[in-house]
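The next block holds one structure in the form of structure tokens; read it before the comments.
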Amino acid sequence: MDNSMLYEKKIDGEVKFTGKIVRVETDTVLLPNGNTSYREVVRKNGGVCVVPLTENNEVIFVNQYRYAYGDVLKEVPAGKLEKDEDPLEAGLRELSEETGYEAGKVIPLGVFYPSCGIMDEVLYMYLALDLKEGEVHLDEDEFVTSEKIPLEEAVRMILDGEMPDGKTQAAILKAWALIQKGKI
């Protein structure tokens, strides 16, 4: 299938906001039919998330207050990428910082686009195995608790709407599917 006729071309653009984490741009684009349209884009370096799976088939989750939603969410360990940072190294750093665990084996689970209609962020997902417990060392502005939940229970919680975080859903369900197919 040739999708080349679906592409839009940026004609003009303006940076509306530059913060510590995101940059917001407004663009005028040329559509495939020759008309023009308006796009708002949030630019971000990307992020990483890790599914830490114990030898007892439990996932180590972190509970963290998320200001945008005004609630504490249950998530797999995750964090933002610094410019040009290696995603695997960032994932291992976040796993260690938030849970204290080190991974003996890491399996890439692919990428996740959290909000492809307005954001260019790419989240890299990993499964961490052969875990060794260590010391938690959170960033000074980070406050989390952790808990272990059996993988099957985590899948049930996702399917029942008890874990709304998109990256957590994608990473857990992908890891679970690969395990079910005997690929891990």
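Take Phe112 and decide whether it is touching a Leu at 6+ places or on another chain (Cβ under 6 Å) and of a type in the set (Phe, Trp, Tyr). It would help to see each step written out before you state the result.
Working: touching a Leu at 6+ places or on another chain (Cβ under 6 Å): yes; of a type in the set (Phe, Trp, Tyr): yes.
Here the answer is yes, as Phe112 does meet what is asked.
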Being open to solvent by 90 Å² or more (accessible area, probe 1.4 Å) and of a type in the set (Asp, Glu) is the filter; apply it to segment 1-34 and report the residue that is farthest from Lys80 (Cα to Cα).
-> Asp2
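Would you mind finding the one in Gly166, Gly110 that is open to solvent by less than 70 Å² (accessible area, probe 1.4 Å) and on the phi > 0 side of the Ramachandran plot? Reasoning before the result, please.
Details: Gly166 fails: on the phi > 0 side of the Ramachandran plot.
Only one candidate passes the filter, namely Gly110.
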Would you tally the residues in segment 140-155 being among the β-branched types (Val, Ile, Thr) and either touching a His at 6+ places or on another chain (Cβ under 6 Å) or open to solvent by 70 Å² or more (accessible area, probe 1.4 Å) (or both)?
-> 1
If we keep just the residues of segment 113-139 that are open to solvent by 30 Å² or more (accessible area, probe 1.4 Å) and of a type in the set (Gly, Ala, Ser), which is nearest to Leu178 (Cα to Cα)?
-> Ser115
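Residues are listed down the side, and each one gets a yes or a no for (1) modelled with pLDDT under 95; (2) surrounded by fewer than 19 Cβ atoms within 10 Å (Cβ to Cβ); (3) over 23 Å from Val136 (Cα atoms):
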residue: Thr36; (1), (2), (3): no, yes, yes
residue: Tyr65; (1), (2), (3): no, yes, no
residue: Leu73; (1), (2), (3): no, yes, no
residue: Ala78; (1), (2), (3): no, no, no
residue: Asp86; (1), (2), (3): no, yes, no
residue: Ala90; (1), (2), (3): no, no, no
residue: Thr99; (1), (2), (3): no, no, no
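The values are calculated or read from the model by the stated rules, or taken from the named source; none is laboratory data. Note that the structure is a prediction, hence the values are computed from the model and not measured. As a convention, Cβ positions derive from the backbone with ideal geometry for all residues, glycine included, and neighbour counts pool all protein chains shown. Ligands, DNA and RNA are excluded from the accessible area calculation, which covers all protein heavy atoms including side chains. Shrake-Rupley method; radii C 1.70, N 1.55, O 1.52, S 1.80 Å.
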